[in-house]
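Just below is one structure, and these are the notes that go with it.
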Amino acid sequence: MVKKYSVKELLNKGKLFIDKKVLIEGWIRSFRYSIFVTLNDGSTIQNLQIILSNKLDKKLIKKITIGSSIRVIGIVKKSIGTKQYIELQSLKITIYESVDPVIIQKSILQPKKHSLEKLREQAHLRFRTNIFSCIMRIRHHIAFCIHKYFHEHGFFYLHTPIITTLNCEGTGRMFQITTMDLKKKLVDYEKDFFKCKTYLSVSGQLEAETASLGLGKVYTFGPVFRAENSNTSRHLSEFWMIEPEIAFYHLKENINLAENFLKFIIRYIIDNSMEDLIFLNKYLEKWNQKKKNYLLEKLELILKFPFKKISYTEAIKILDEEEKKKNIKFLHPIIWGMDLQSEHEQYLVDKYFKIPVIVFDYPCSIKAFYMRMNNDGKTVRAMDVLFPEIGEIIGGSQREERYDMLLQRMKDTNTDKNKLWWYLDTRRFGSVPHSGFGLGFDRLVQFVTGMNNIRDVIPYPRTPKNAEF
Ligand code: 4AD
Ligand code: MG
């Protein structure tokens, strides 16, 4: 039996394999001079060069086409070419499926430049392209190191329900779930599957809070759903969120955790995904007119300085002064009490501070009911992490742990206390100060890979009017 290896294993330990017989499988990327096949199996951005034996049957050679899936047994040799260290001299080649070259020409597998929009239309095939496979490998490494970070810092991974009766954030629409026939005029939800109206969850936070009040440190990592009609390059209707929740944590500790956590992830990706980052860097230089070393410098910048921390009130003051001083006209006027729009966030991060900014103590009127009220009675202990190009990447807060205050905030925000009786109840059984945040996973992948559109960093994006694949 000849042992099977991935292209990555072979190329990484090239020297050790020289003159060894190996088995390799993958898809053909190119075929030149009836002898050189480049093979990719997805394990790495690099291809393996295969030298076909000159005794191959003509009929078989005809079947060696771009996109075809093959199995090769061969001997690893030091390459004469300069492009690669090793190559494989084939002894036996089996074709799983030979692809018709005419079909390939119409697909994104045809080796030439295709737009990212075109790749999205053939999302089922884009895993085979250099650009998308790079992004997917990086996506994996980010997810992996998130679990690693929390595990090493004593957090427990918590699975919160996807089906819920609540809108934790209190804003935006939710996707309803039902087994009822909604064509009927009067729908009696008492007869629905769960005996009540249910939705896909927008956040696992409230449940994570209850768990943190027993386990100390927990985090969730799962899909969340929002039926907002935001057709932007940063919004998905189904996206992945990481929500740590920590008992006995005040806002400042929460802010520090967010910063350390983000820096750990960026560091990990620089240390572990360099090959893919270099490819993306070149891609962005070539096709997106980004300046030389754009991506790597952007990532290094995150690590270089402490994030800037300013209160919402200070942020408003800066924006107001800048507007007056520099004759800038924001589309949305700067008034204390308004929500920061992307134009404001971008101004603060990309133009003013030029590093990530954490804004805290927002007006209570624009934030969710669960955030802890400050002594001024006007602001809550919220915090948003704003990143270059992306804007808000994290939203979090210290939670209102005082029963009476929480009840009051629920009343003020028209939050149904009957549905949330269990959440309120935790404030009567040894309540403690606690905090947490939500990191938009897809936005983070977008930042790390330098993609303009969030639809290009998730396998099958769900956006308004689009649930294909
Ligand atoms: O600010 P959000 O709405 O916060 C929450 O959901 C809290 N329950 C989190 C917590 O405190 N545990 O969302 C958190 C993050 C945002 O900062 C953003 O990065 C991302 O989720 N996000 C989206 N990402 C992609 N598409 C969307 N439609 C998103 N909406 C929010
Ligand atoms: Mg938010």
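Read-outs throughout are calculated quantities, based only on the coordinates presented, and are distinct from any laboratory measurement. The structure displayed is predicted, hence computed values, not measured ones. All Cβ positions, glycine included, derive from the backbone under ideal geometry; neighbour counts span all protein chains shown.
Brief remarks follow.
- Long pairs among LYS20/LYS92; LYS217/LYS252; LYS8/LYS304, criterion Cα-Cα beyond 20 Å: LYS8/LYS304
- Using the rule -39500 (n - 2.57) for each DSSP H run of four or more residues, divided by the residues of the chain, the 222 nm mean residue ellipticity is -9500 deg cm²/dmol.
- Two-site FRET efficiency, ASP19 against LYS63, from Cβ-Cβ distance with R₀ of 25 Å, rounded to 0.05: 0.30
- Between the listed residues ALA247, ILE278, LEU257, the Cα displaced farthest toward the positive end of the dipole of region 241-311, a dipole computed from Cβ unit charges relative to the Cα centre, is found at ILE278.
- Each of TYR219, TYR5, TYR268 has some number of other Cβ atoms within 10 Å of its Cβ, and from fewest to most they run TYR268, TYR5, TYR219.
- Full extension of the chain segment joining LYS106 with ILE80 gains 5.9 nm, where the gain is 0.36 nm per residue of separation less the Cα-Cα distance.
- Hydrodynamic estimate: the Kirkwood radius of the chain over Cα pairs, inserted into Stokes-Einstein at 4 °C and 1.567 mPa s, corresponds to D of 51 µm²/s.
- The residues THR82, THR65, THR94, when put in order of fewest to most other Cβ atoms within 10 Å, stand as THR82, THR94, THR65.
- Each part gets one Cα centre, and for region 123-168 versus region 403-430 those centres are 32 Å apart.
- Each residue of region 347-353 is assigned a 3J(HN,Hα), and the resulting list reads 4, 4, 7, 7, 9, 7, 8 Hz, derived from the Karplus form 6.51 cos²θ - 1.76 cosθ + 1.60 (θ = phi - 60°), x at Gly and Pro.
- Reachable lysines, given that their alpha-carbon falls under 17 Å from the alpha-carbon of LYS291 and they are not under 8 places away in the same chain: LYS282, LYS354
- For the peptides 113-126, 365-378, 346-359, the ranking by mean Cβ contacts within 10 Å, running from highest to lowest, is 346-359, 365-378, 113-126.
- The length gained on full extension between LYS55 and LEU303, counted as 0.36 nm times the residue separation minus their Cα-Cα distance, comes to 83.7 nm.
- Given charges at beta-carbon only (K, R positive; D, E negative), |dipole| of region 349-449 in Debye: 280 debye
- 3J(HN,Hα) along region 396-407, derived from phi through the Karplus expression 6.51 cos²θ - 1.76 cosθ + 1.60 where θ = phi - 60°, amounts to x, 5, 7, 8, 6, 9, 8, 3, 5, 5, 5, 4 Hz, with x in place of Gly and Pro.
- Order of ILE246, ILE302 - criterion: other Cβ atoms within 10 Å of each residue's Cβ, fewest first: ILE302, ILE246
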